[in-house]
Amino acid sequence: MSQLAIIEQQILVRRGLESLLSNHPQVELAAVAADSAGLRASNPRGYDVIVYGVPQAERRPFSETVGALAGIGRVLILAEFTQLQPVTDALRAGAFGCVGKQATEEELLRAVSAVAQGGVYVSPGLADRMLSELRQPVAGAASPALAQREMEALRWLATGLTHGQIARRMGLTETTVSTYVKRIRSKLNVGNKADLTRKAIQLGLLSAEFQSSVDATVPGFPPAA
């Protein structure tokens, strides 16, 4: 069973999260704290999932707040996602999930389940905003040392397609696609599917135009209309 921790500054919200998530069948609530310092003090070795309630008045970038937590667990962000808190910035900083503070209890439980299993979850209510952010070029993003077909395979992989589905779309054999994926993992020094998805987002490979041409199947993305 995955070890879960909660960081939430507001005491009433913190108690509500504790009450809801303490009954989650896939996780064990291991720690509850008002801030990241309190969480680290309770268990410096880390957790499987950290639900981080971002304070409304928070002005520090996600690269500082989430970046500091990413080293001790997979971070699921619960935030208002104002203009100063872009969804893509959260994922680039190392978050595995983003859920708006207006989400239902059921959605939060789904998000925790996805992140606990090592997946990436983006609230359907944030998907349109995320695609809009992806239209903007990533400042200073270095191009990976990938061949053109490897870049195409990474894009399809990040949308949730299987090796077989990618092979059919690219007109290749599944064995060739598997070889591409092995090369991509090696070149980008990433391991699991969630890391590959975040890397594709970080590198600006998932443009809104590309996303609109596929059924987005990454957990938490709504299907294309």
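The values are calculated or read from the model by the stated rules, or taken from the named source; none is laboratory data. All figures in this text were calculated on a predicted structure; none of them were measured in a lab. FYI the Cβ positions are ideal-geometry reconstructions off the backbone, even for glycines, and counts take in every protein chain you see. In case anyone asks, the SASA skips ligands and DNA or RNA and just uses the protein heavy atoms, side chains included. Shrake-Rupley method; radii C 1.70, N 1.55, O 1.52, S 1.80 Å.
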Scan region 49-71 residue by residue and report those that are over 20 Å from Thr82 (Cα atoms) and either in a strand (DSSP E or B) or among the β-branched types (Val, Ile, Thr) (or both). Val49, Ile50
Is there any pair with a first residue in region 190-203 that is in contact (Cβ under 8 Å) with a residue 60 or more places away in the chain and a second that is among the polar types (S, T, N, Q) and not in a loop (DSSP other than H, G, I, E, B) whose Cβ atoms are under 9 Å apart and which are 6 or more apart or on different chains, and what are they? Ile201/Thr88; Gln202/Thr88
Of those in region 178-196 that are in contact with a Gly (Cβ under 8 Å, 6 or more places away or on another chain) and part of a helix (DSSP H, G or I), the residue surrounded by the most Cβ atoms within 10 Å (Cβ to Cβ) is Ala194
So Gln83 clears everything in (1) open to solvent by 20 Å² or more (accessible area, probe 1.4 Å); (2) within 25 Å of Ala200 (Cβ to Cβ); (3) modelled with pLDDT of 90 or more except one condition, right? Which one? (3)
How many of the residues making up region 109-139 are at pLDDT 90 or above, more than 12 Å from the chain's Cα centre (by Cα) and of a type in the set (Ser, Thr, Tyr)? 1
Cβ pairs under 8 Å, 6+ apart, first in region 29-57 and closer than 21 Å to Ala111 by Cβ, second acidic (Asp, Glu) and assigned to a helix (DSSP H, G or I): Leu29/Glu18; Val32/Glu18
Among the residues in region 5-28, are any over 24 Å from Phe81 (Cβ atoms), open to solvent by less than 20 Å² (accessible area, probe 1.4 Å), among the small types (Gly, Ala, Ser) and not in a helix (DSSP H, G or I)? no
